[in-house]
1. Would you kindly derive the ³J(HN,Hα) couplings of the stretch 460-470 from the backbone phi angles with the Karplus curve 6.51 cos²θ - 1.76 cosθ + 1.60 (θ = phi - 60°), listing them in order in whole Hz, with x for Gly and Pro?
2. Going by amide H atoms built from the backbone, whose H comes under 5 Å of the H on Val480, apart from near neighbours?
3. In whole Hz, with x marking every Gly and Pro, tabulate ³J(HN,Hα) for the stretch 603-612 from phi via Karplus 6.51 cos²θ - 1.76 cosθ + 1.60, θ = phi - 60°.
4. Could you compute the FRET efficiency for Leu160 and Arg519, with r as their C-beta to C-beta distance and R0 at 51 Å, rounded to 0.05?
5. Sketch the reach of a paramagnetic label on Tyr311 as a point 7 Å from Cα along Cα-to-Cβ, and name the residues of the stretch 229-249 whose backbone nitrogen lies under 15 Å away.
6. For Thr234 and Thr570, calculate 0.36 nm times their separation in residues minus their Cα-Cα distance, and state this gained length in nm to one decimal.
7. Once amide H atoms are built 1.01 Å from N in the peptide plane, which residues 5 or more positions from His560, or in another chain, come under 5 Å H to H?
8. Out of residues 5 or more away from Tyr38 or on other chains, whose amide H comes under 5 Å of its own, with H placed 1.01 Å from N in the peptide plane?
Amino acid sequence: MVTFLLYARTLAPDVVDADGGEFQFAAWNFGFVHPTGYPLFLILGGLFQHFVPIGNPAYRLNLFTALTAAGAVAALYFATNELTRHRGAALIAAASFAVTRTFWYDAGAAEAYDLNACFVALLIYIALRWQAEPGARKFAAFCFVFGLALTHHRSIVLWLPAFAFFFAYCMLRVPFDVTHHASRITQHVSRFTLYFLLPLVLYLYIPLRAPASPYFSLPLAPGRDLVLYDNTFTGFVKFILGRTFQSEIGWNAASAARLLASPRLLVDQFGAVGVALGAIGFGAMVWRKEWARFTLLTTGFGATILFASVYHIGDIFHYYIPAYLAWVMGIGCGIAWLASLIRNSKFEIQNSRREFRIWNLEFGVIAIIALLILPFQIFSNYSFADRSREMQARAQWTRILSAPIPQNAILISNDRDEMMPLWYIQYVENARRDLLGLFPLITPAPEHANIGRLTDSVLDANRPIYFVKPMPGIEIKYRVNSSGALPRVIGRAAAQPPQYSSDAIFAERVRVVGYDVARQADALRVAVYWSPLAKLDRNYTTFVHLLDARGSKIAQGNDHQVGGAFYPTTVWDVGETLRDEFVIALPMNLAPGTYALVAGMYASDAEPLGAPVTIGSIEIK
């Protein structure tokens, strides 16, 4: 109850962006979300939204998440108490986990990771209870809960090796006659498999509810719809397996950096004292030869850390939460071990007072440990986790929708997270349902791979097209009218051929199609038309120089990273044409004559893309 009240105090009051905003409207409509589907969360969250009349639906799902987070803390307490047989240690461990930076932050708004943590803690608790008192019912309960956890978040499979080793090790420690029990083993395996598979029926929610979702099919133009879910058996399998994200998994330099940074993450979550106590706790397990428990927690911890290192998505920090849960159980073991040292101490105390004094000393040490861990976590994490003033998403879309946007306009963002609050406003509050909000990767189709391809795909829809914010650099791709409240897309920047043609090529990678020149009072405005011949793997800065007859540079344009942050060279498509503008300030008293126009590209470390080339000449009068 205390943790729930804390989370309620720091709860976001309204719609949020990213996955949270998506869950808020999808649960309300009993619709679908991105792979792998999260059917359990959507069903439970939707019921909570409809039957708990507190605030608006967005706030209700935030509140539901706070409840799941509090449930995770409670389950962790019971699991740690089962592990340590020490309530004080379990209480401090659970409280420490409750105020870890990432978990506390996720408890503040609609998120799936808190319920996933609840399942991890609950499964560990059931496994430990089974170890203490083996029985078919407990194992059946474990199988059922594991299957249920799979209907929520597939990262639970990372713990499968840990649990498999735990149960196998424990079973091998108890000898039995395989021949005598063969029929019972077969019966139990069938029963346990049924308990595991039964919750997976919830995945049928996705193909059953997807077609009824108001955003299942988005109309682009008459007779042309954008279908967001492939309602076929193949599409269903790809969806629940998360095939869309498989390309994000791989080992590279960033993976190694993440792996090396994992100790720093533990310090950020628990402080130096918490990290030391966790190490003591795991060391105590080894000392006592509790191999099954030690391997269960360390294997789950290691699998989580390793996966978070190789999975290259933007919000990967959420995925570390189960690792923090395992570590905090080590903290509980460390506290319990220190308490056992005090209880078993041999110092001289009067017999009549010994028990009371040892208990007093033990309580004092545990209280000091709590004071060393919890205040540090609360004070360092509160400002990060407090989302009670998080109204940015509502404010942004209130401002955007207050603009005079014409009917049936298309609104485009480069960021899916930014678009989710609009969908909430549309599909929960029924406001501006005529607008179509789009973002890259809205489907796995190649034409939606980035903002350029996405915008290209709707240019012929005969609907007004707007970007939801200024996107400096996108002007190399599109002509944009920025005079209104929102930037409006007029057409492609290179819709017309250049004034002067060119056949210059950089390192067989980029061709210059041509260039435009416009004379100003004391400057030249030059536009270079680039066309990539191959995919570029680095973001390049472009330049233009003006050379005299002797090859000396007399002026240069404004070097800049072409395409800015929104359409850099790494997302250029082979064969497309981009129009890149430069302003060349001319020196005073520049002699009339013919000057060479030289262009080039270089990366952030100044490595050039081939040698600069002459793309044409300019007559200065």
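Coordinate-derived values only; no laboratory data. Only a predicted model underlies this, so the values are computations on that prediction, with no experimental measurement involved. Glycine gets a Cβ as well: all are built from the backbone with ideal geometry, and neighbour counts include every protein chain shown.
1. 9, 7, 6, 10, x, 10, 10, 8, 6, 7, x
2. Those lying under 5 Å, H to H, from Val480 are Ile490.
3. 7, 5, 8, 6, 6, x, 8, x, 7, x
4. Efficiency for this residue pair is about 0.15.
5. Under 15 Å, as judged by backbone N against the label point of Tyr311, lie 240-249 of the stretch 229-249.
6. Net length gain for the segment: 117.8 nm.
7. Thr542
8. Under 5 Å from the amide H of Tyr38 lies no amide H from a residue far enough along the sequence or on another chain.
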